[in-house]
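A.B. asks: The structure under discussion is supplied below as structure tokens; questions concerning it will follow.
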Amino acid sequence: MTEIAEEQDITSGLDGIKFEYDSTLRINNIEYSLKNGNFDDDDIHKLLNDFKYRSKKFDMFKIMTNILPRPARDKKRVRNLIGQRKWKELRQNLYEDSEHKCDICDKNIGNDRFYLGDSWRYNFDERKIVLQGLYITCGLCNIGRNVGAGFVVDDEKKKDVEEHFLKVNQCNIDEYNEYKKYVADLNVFILTTNIDWQMDYGIYNDIIKQKIIDIDNKKKSKKPMSIFRKKR
């Protein structure tokens, strides 16, 4: 029997996070120490533009790390909005709809653990976090989406995750390290600034409501639940 596992949650907080980098950015010959976090509006504007520029390098990556501000993570994630029971039922429905394959790497999950994750992207211009969809992942893709955010794995698993990340995202080791640095910097930036990020559920807002109705009525929607997922 396939084992369902809880997905790992990315936190934007210092507790339990081990930063691998010095988290210092240099923009126009000015150094910003993200750990200090004393930024004026002009600093924040420059840093947001820098993150926007850096993020474009990774647009084609299939495995992406989710980092959300603490209020958004605690209250506004899809899982928290619909409740744990409905989330688990949704996860099972999407797993069956995916034909038991990972939405990211297309691996046949079989009897291995599988995970359901919500995928978000930052709109740095409008200061929004936009829901891209929900996706079923295998174990390696699930760990891979925590890359750079302080998630600790043993050395053997770390090597497997790294190789999987490079293969699925079709990148080299330098790009992988650059991406980890970007994620670590973004994590600290979110922690040390008081930006009121808006959660944007986009086209999924009405779908979320409908899926709750479907689950409560214990009947399937006429449309496949895969509409929830966005293939990477």
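A.B. asks: Quick check on my link table: of 86/180; 76/167; 107/157, which ones sit more than 22 Å apart, alpha carbon to alpha carbon? Please list the in-between numbers first.
C.D. replies: Working: 86/180 33 Å; 76/167 32 Å; 107/157 18 Å.
Too far apart for the 22 Å limit: 86/180; 76/167.
A.B. asks: Beta carbons within 10 angstrom, averaged per residue: use that to sort the peptides 119-127, 179-187, 58-66, highest first. Show your work: numbers first, answer last.
C.D. replies: On the way: 119-127: 15.4, 179-187: 21.7, 58-66: 18.3.
Per-residue Cβ counts within 10 Å, averaged per peptide and sorted highest first, yield 179-187, 58-66, 119-127.
Since every read-out is calculated from the coordinates, none of them should be taken as a lab result. Remember, it's a predicted structure, so these values are computed and weren't measured experimentally. Cβ sites come from the backbone with ideal geometry, for glycine too, and all protein chains shown count toward neighbours.
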